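These notes are about the structure you will find just below.
The values are calculated or read from the model by the stated rules, or taken from the named source; none is laboratory data. What you see is a predicted model; the values in this text were computed from it and never measured. Cβ sites come from the backbone with ideal geometry, for glycine too, and all protein chains shown count toward neighbours. All accessible areas refer to the heavy atoms of the entire protein, side chains included, with ligands and DNA or RNA removed. Shrake-Rupley method; radii C 1.70, N 1.55, O 1.52, S 1.80 Å.
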Amino acid sequence: MLIYPSVESLLYYAQAHLLLDDLDVIWARNLLLDELKLHDYVQYEVDYDAIEALDRPDTVLEPLVSYAVDNGIITDDKREYFAGKLMNIVCKRPAEITDIFNDLHRKSAVKAFDWLYDYGIKSDYVKLTKIGENVKWDAKGTKGKLEITVNVCRPEKNNKDTADALKNKSESYPACTICKENEGYAFGGQIRQTLRTVPLTLGGEDWFWQFSPYAYFNQHGIAVNSEHVPMAVNDATIEKLFDFIDYMPNYFIGCNAALPRIGGSVLTHDHFQGGGKMMPMHKAGALIKLKNKEYPYIDMCVVDWYNSVLRLACSNREKLIEFAQKVNAAWEVYSDESVEIIAKTDEQHNAITPIVRKADDKYVIDIIFRNNRTSAQYPDGIFHAHPEYQNIKSESIGLIEAMGLFVLPGRLARQTAEIEKYLTKEEKYSEAKLAPDMVCHKAMIEKLLKEAGSSKISAVEAKLNIKDEINRICEAILVNTAVFKPDEQGKAAFLKFLATLGIESAK
């Protein structure tokens, strides 16, 4: 295999897309040759126009990685690691990235974040091709216009492991998967050679921003505390969210509830999630318009959504933060056993998920009320996905799902293909012959078969029927998470809680 043109293609790609300086080309070439165990070089012309038109490095990177595998330089399982190693040679260093980002940010926050995200794609940190393999659809028939993604990029998380990690102090390096020390790190499952972060100051503390390599939506990223400290949702948290929105007003930013079963997958390290997307919940209107005499200038409503959301909007940042902090303090201690809400037993159960954005020159904060209590009937959580729905989603329902974008486990891509065969009669259904990992879908399969009847349906119809059932289940899961159910008893209980804050219906 003639490898020299591929080396030259990567170098020109880096000049065209990664700001590789002309003065650094020889240096970078020699580092690439060393990695490829080459000791001489013949320079070739390459298709410059085609390389300039690329939106990601796959086509220039793959031949080099395959060469390394074919020539015994790496084993096949080290492809991603080696690709990251090569790309890191031709990428800008972290300090240079920060300088460029800050220069852009002084002119335009949007341009700065757009540039950083594009650089992440061009450097192969944001895995655009892999993300494209995810199965996505809009659940248009649902009340909240939910969005569904079957994410084949990452493994399914275990709620117990998340809770255990919070109790056990890590002695590893880096201490967790989102620590600052991951920048450039490459060991085991963490391939982060081309990760580039930019510093933030939130609440007077050092934080940083990074994009997600396997993004759930446009410009999906996380703001991370530079110190490895556990997640918390307190007065300072709310101020930090507003600080971020002042820094990047075109994003939303939210903090998961900092408790097991209702939080995110990393509770050991304080962080927020956000990005450049209007979530389904953001588009939901008011179910009940509200008012508060002490804060008449704050627009308030119960959001017309599946779970329990209070929306506050105001142009006065300080007053809005002040009231949101009061809401958090009130919820932390509030109990109403008539709707199974108990704030605290031997552990804290009530928590909020605050999400901040800007709209029409006003700050908007959506506060989702959460409770992580368990019972004999619901050992995984009373306000968690109930057992009959966990074949679709068993992980914690974090802020992304709570806002209507469901990220479902990759196993469903294969499992739903099996279910399609039963519906089209390509395979005869037999409970006794179900594979072990298909047993969890037994009830759903039998329901779909019953609805289809004895007639044979097409593959297209089978896919639609399965999607409709998944859509229905996702809606039901969001209702499961509601501490105040979307029925008359729930609405009355919600208003009863809000009354403790001087909030009443605005009739």
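Determine which member of the set Lys111, Lys37 is open to solvent by 30 Å² or more (accessible area, probe 1.4 Å), basic (Lys, Arg) and part of a helix (DSSP H, G or I). Please lay out each step first, then the result.
Values: Lys37 fails: part of a helix (DSSP H, G or I).
From the options Lys111, Lys37, the qualifying one is Lys111.
Scanning for something crowded, with 16+ Cβ neighbours inside 10 Å, assigned to a helix (DSSP H, G or I) and at pLDDT below 95, does the stretch 137-158 turn up at least one residue? No, the stretch 137-158 contains no residue that is crowded, with 16+ Cβ neighbours inside 10 Å, assigned to a helix (DSSP H, G or I) and at pLDDT below 95. Checking the structure you have, find out if any residue of the stretch 420-430 is in contact (Cβ under 8 Å) with a residue 12 or more places away in the chain, assigned to a strand (DSSP E or B) and of a type outside the set (Val, Ile, Thr). The answer is no; no qualifying residue exists. Pairs meeting the criteria (first residue in the stretch 110-135 and touching a residue at least 40 places away in the same chain (Cβ under 8 Å), second residue of a type in the set (D, E, K, R) and assigned to a helix (DSSP H, G or I), beta carbons under 8 Å, at least 6 apart or on different chains) are Asp124/Asp58; Thr129/Asp58. Of the residues in the stretch 309-318, at least one is free of Cβ contacts under 8 Å to residues at least 12 places away in the same chain and under 23 Å from Met248 (Cβ atoms).
Screening Pro387, Pro379 for residues that are more than 21 Å from the chain's Cα centre (by Cα), open to solvent by 20 Å² or more (accessible area, probe 1.4 Å) and within 23 Å of Ala139 (Cβ to Cβ) leaves exactly one candidate, Pro387. Within the stretch 49-56, is even one residue in a loop (DSSP other than H, G, I, E, B), open to solvent by 40 Å² or more (accessible area, probe 1.4 Å) and at pLDDT below 95? No, the stretch 49-56 has no match at all.
Within the stretch 231-316, considering only strands (runs of 3 or more DSSP E) that don't extend past its boundaries, which have at least 1 residues that are under 27 Å from Leu495 (Cα atoms) and open to solvent by 10 Å² or more (accessible area, probe 1.4 Å)?
Details: elements: 252-254, 271-275, 286-292, 299-303, 309-314.
Here the list reads 286-292, 299-303, 309-314.
Could you check, for the stretch 492-501, whether at least one of its residues is open to solvent by 20 Å² or more (accessible area, probe 1.4 Å), within 30 Å of Val266 (Cα to Cα) and touching a residue at least 40 places away in the same chain (Cβ under 8 Å)? Lay out the reasoning, then the answer.
Quick first cut of the stretch 492-501, residues open to solvent by 20 Å² or more (accessible area, probe 1.4 Å) only: 492, 495-496, 499-501.
Okay, now just the ones that are also within 30 Å of Val266 (Cα to Cα), so none.
No, the stretch 492-501 has no match at all.
The numbered conditions (1) open to solvent by 20 Å² or more (accessible area, probe 1.4 Å); (2) closer than 30 Å to Ser308 by Cβ; (3) in contact (Cβ under 8 Å) with a residue 12 or more places away in the chain; (4) aliphatic (A, V, I, L, M) are all true for Ala413 except (2). When we screen Asn471, Asn465, Asn480 for residues that are touching a His at 6+ places or on another chain (Cβ under 9 Å) and part of a helix (DSSP H, G or I), the only hit is Asn480.
Kindly indicate whether Lys92 is of a type outside the set (Phe, Trp, Tyr) and not in a loop (DSSP other than H, G, I, E, B). Judged against the criteria, Lys92 is not a match. In the condition set (1) open to solvent by 40 Å² or more (accessible area, probe 1.4 Å); (2) part of a strand (DSSP E or B), Ile368 is compliant with all but (1). With the requirement that a residue be more than 21 Å from Ala402 (Cβ to Cβ) and either touching a Lys or Arg at 6+ places or on another chain (Cβ under 7 Å) or aromatic (Phe, Trp, Tyr) (or both), what does the stretch 300-322 give you? Cys314, Ser315, listed by residue number.
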